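Here the structure is laid out as structure tokens; the discussion comes afterwards.
The values are calculated or read from the model by the stated rules, or taken from the named source; none is laboratory data. All of these numbers come straight from a predicted model, not from anything done at the bench. Every residue, glycine as well, gets a Cβ built from its backbone with ideal geometry; the counts of neighbours run over all protein chains shown. Accessible surface is based on the protein model in full, side chains and every heavy atom, while ligands, DNA and RNA are left aside. Shrake-Rupley method; radii C 1.70, N 1.55, O 1.52, S 1.80 Å.
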Amino acid sequence: MNPQELKSIMGSGLLSFPLTDFDANGDFNKSSYEKRLEWLAPYGASALFAAGGTGEFFSLTGDEYPGIIKTAVDTCRGVVPIIAGAGGPTRFAIQCAQAAEKAGAHGILLLPHYLTEAGQEGLAAHVEAVCKSVKFGVIVYNRATSRLSPDSLAGLAERNPNLVGFKDGIGDIEAMVAIYQKMGDRFAYLGGLPTAEVYAAAYKAMGTPVYSSAVFNFIPKTAVQFYEAVRDDDMATQHRLLKNFFMPYLELRNRTPGYAVSIVKAGAKIVGHDAGPVRAPLTDLKPAEMEQLKALIDALGPQ
């Protein structure tokens, strides 16, 4: 898949980030991961992001990463494209990007480099080094310590034709409008705030109609239903699902830092697709919180 084909996929429908399956010891569980992808693939996501943020990329080792991406590509071949997460220090991000390309992934989402702060020149150098290390498409994730200005993005886009996507995980409306006005249709845009459904209508209004859904991991039917309601400007359905599920869900998610991932693994376990525990430093939901989440899921009906 060439970068422009990846860009087209980015703008064509709901995207999601499958969980990465671990066993009771916290090791990668290949067979369980295959079953997860086989379950999710037919629900209609236009692409799945293997080893992304919800897939705990930040906890993976360099040794296990290539096998996870290859498992995703092999399992979903001919059914749904796989975009791989990559990030961390520049040289490690390059290793991940090249491993993903070798495994047959259709592109990468370049996650933040973590911890170290850097100016625009340094951030641009990091993104450019990764872009130039591969031939397939790159989507940059604007979040945390990696916040690129419109001018930085314009320069990167001019020098790197394979930089085709921009995912926003910050929620600064003014900055997002400035980037969109500067770059226009040079990029495909993706809303990427945690529990992106809450922000979906607002992002659509400013030119970013596509978003990634974490809850697709355990309520795929509802996730697609909400996406279609945003696409069709069906405010009644949006408001009903926001009131009855997403806002109570956010209340649970916000109780503990890191629950944005933990609560998704909890949901998958509740619906019979257990992905195992989260890896430290994340912590799993407590029993009472699991019961509250189960009640919210049960009220949605069969998925």
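Listed values, structure above:
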| read-out | value |
| --- | --- |
| Electrostatic dipole magnitude of the chain [Cβ: Lys, Arg +1; Asp, Glu -1; Cα centre; debye, to 20] | 180 |
| Fraction of accessible area attributable to carbon and sulfur, region 183-303 (%, probe 1.4 Å) | 58 |
| Shape category assigned to region 158-303 from the gyration tensor of Cα positions, a/c cut at 1.5 | prolate |
| Label-zone membership for region 30-71, site Arg77, 7 angstrom Cα→C-beta point, backbone N under 11 Å | 71 |
| Distance from region 233-255 to region 153-205 (C-alpha centre basis), Å | 24 |
| 5 angstrom amide H check on Gly107, placed H, neighbours 5+ away | Ala84 |
| 5 angstrom amide H check on Phe49, placed H, neighbours 5+ away | Ser16, Phe17, Ile83 |
| 3J(HN,Hα) from dihedral phi, region 133-141, Karplus parametrisation 6.51/-1.76/1.60, rounded to Hz, x for glycine, proline | 7, 9, 9, 7, x, 10, 10, 8, 9 |
| Cβ charges +1 (Lys, Arg) and -1 (Asp, Glu), total dipole of region 1-158, debye | 260 |
| Accessible area per residue, Å², region 1-151 with all protein chains present, probe 1.4 Å | 41 |
| Signed unit charges on C-beta, dipole axis of the chain, positive-most listed residue Val134, Leu111, Leu148 | Val134 |
| For region 78-233: rounded, prolate or oblate by the Cα gyration tensor [a/c cutoff 1.5] | oblate |
| Selection from Gln292, Phe58, Cys76 lying farthest towards where the dipole of the chain points positive, charges on Cβ | Cys76 |
| Ranked order, Val271, Val80 - accessible area, probe 1.4 Å, largest first | Val271, Val80 |
| Residue-normalised accessible area of region 249-303, expressed per residue, 1.4 Å probe, Å² | 50 |
| Karplus 3J(HN,Hα) series, Hz, for region 261-266 with 6.51 cos²θ - 1.76 cosθ + 1.60 (x for Gly, Pro) | 8, 4, 6, 6, 5, 5 |
| ³J(HN,Hα), Karplus 6.51/-1.76/1.60, whole Hz, each residue of region 294-303, x for Gly, Pro | 4, 5, 5, 5, 4, 5, 7, x, x, 9 |
| Region 1-114 shape via C-alpha gyration tensor axes, a/c threshold 1.5 | oblate |
| Dipole magnitude of region 159-303 about its Cα centre (Cβ charges: Lys, Arg +1; Asp, Glu -1), debye to nearest 20 | 340 |
| Residue (of Pro89, Thr20, Gly165) at the positive-pole extreme of the chain, dipole from beta-carbon charges | Gly165 |
